[in-house]
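One structure is given below, encoded as structure tokens.
No value in this document is a laboratory result; all are computed from the given coordinates. What you see is a predicted model, and the numbers here were worked out from it, not measured in a lab. Here the Cβ positions follow ideal geometry from the backbone for every residue, glycine too, while neighbour counts run over all protein chains shown.
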Amino acid sequence: MDSIRDDIKKGVFKRVYLIWGEEDYLRDHYKKALSDAVVPPGDTMNRSVFTGKEADEEKIMALSETLPFMSEKRLILVEDSGFFKNGAGDGFTEYLERIPEETVLVFSEGEVDRKRKLFKKVSKLEGSVECKKPEEKDLKIWIGSYLSKNGKKIRGSSVDFLISKAGTDMYLLKNEMDKLISYSGEREEVTLEDIREISSVNLQSSVFSMIDDIAAGRQKKALERYYEMLLLKEAPMRILYLLSREFNMLLLAKELSKERRGSREMAGAMKVPEFAVRKYVAAASRYTGKQLIAAVDDCLKTEDDVKKGKITDRLGTELLIVKYSGFNDDGGSHA
């Protein structure tokens, strides 16, 4: 991450970057900071984005050979392509050595396989940046820094309480801090009382409860949960991201169940407590594998449509809830 900050500061960029890891907030933060430094957000002539299945090797390489239009650089951002995990992008391995100097190719991936040639090549070119979950001490420093930049102070005990309420996900914490900044008004200090009054139940837990309602066909209840989260100032795009994550978890639970894995082994593979495995397995049993794959694809498509301005994040998420919870409220069949 230091290398990205240094490149942005100097205005000198590598031809390829891989920003990857499990901390989505850091990944998105550095992806945006780097992309905006290379090409301004409004420059649609020199800024291209490929997401998921639409990330085609040949198209990306052909575009990278195109000279920028009235700009020093052309930015190509490739998100969640799976190139560094499933091998579909092995054609890039040799190409990375001859990317035009005018092109900056940025990959943003949640998971990678360190053994793949493509990953090793990017690492050799010093373009690989891992975004790990921060340690607790670093998380506390970040919370204090974020609030300080917004004119607020917070005691150590209050930081501990905030983390206990919201968890360690940086997106969730940012959302909670934004609400606390607004709620505290002109007061300089964010207090324990503020956190007790404002901080909502862990958003991920709320989304899982909504997924449970969706899986059971309780459309009305699922929508009520969604509207409650919106009233609590939760960002629709964040809810959409977690909805996508939960459908992925259901799909994983479905696949592991078919392999007759034990709950302890499933907990390790899914990186959740053992008691949570039973919840995922129960919810996944209400869907077929094809339905879950379709749900994951629909979530990714909706995210892409939102980014391209084809639909609002609020409406896109609502339509997904409606589609996958069906049209009855008695636990009946759904899409």
Under the span-like rule (Cα at least 30 Å along the axis, Kyte-Doolittle mean at least -1.0), DSSP H helices of the chain: 236-258
5 angstrom amide H check on E79, placed H, neighbours 5+ away: F50, T51, G52, S108
Label-reachable residues, the stretch 28-57, where backbone N falls under 16 Å from a point 7 Å from I8's Cα toward its Cβ: 28-42
FRET efficiency for E259 and S145, using Cβ-Cβ distance with R0 set to 45 Å, rounded to 0.05: 0.55
Residue with peak Gaussian network fluctuation, the chain [Cα springs, cutoff 10 Å], from I19, I163, I154: I154
Label-to-label distance, nm, for residues given as E94 and E65 (7 Å Cα→Cβ offset): 1.4 nm
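Within the stretch 192-263, which trypsin sites (Lys or Arg not before Pro) sit in a loop by DSSP and count at most 12 neighbouring Cβ atoms inside 10 Å?
Of the trypsin sites (Lys or Arg not before Pro), the ones in loops of the stretch 192-263 whose Cβ has at most 12 other Cβ atoms within 10 Å are R260.
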Restraint check, K32/K85; K165/K301; K132/K308; K85/K140; K124/K174, Cα-Cα greater than 25 Å: K165/K301; K132/K308; K85/K140; K124/K174
Rg/Rg_ref, the stretch 1-157, where Rg_ref = 2.2 N^0.38 Å and atoms are Cα: 1.12
Length gained when the stretch D138-L125 is fully extended (0.36 nm per residue, less Cα-Cα span): 1.9 nm
Shape call, the chain: gyration tensor on alpha carbons, a/c limit 1.5: oblate
Overall form of the stretch 137-219 per C-alpha gyration tensor (a/c, 1.5; a/b vs b/c): prolate
Alpha-carbon Debye profile of the stretch 203-325, log10 I(q)/I(0) at 0.14, 0.19 Å⁻¹: -0.57, -1.00
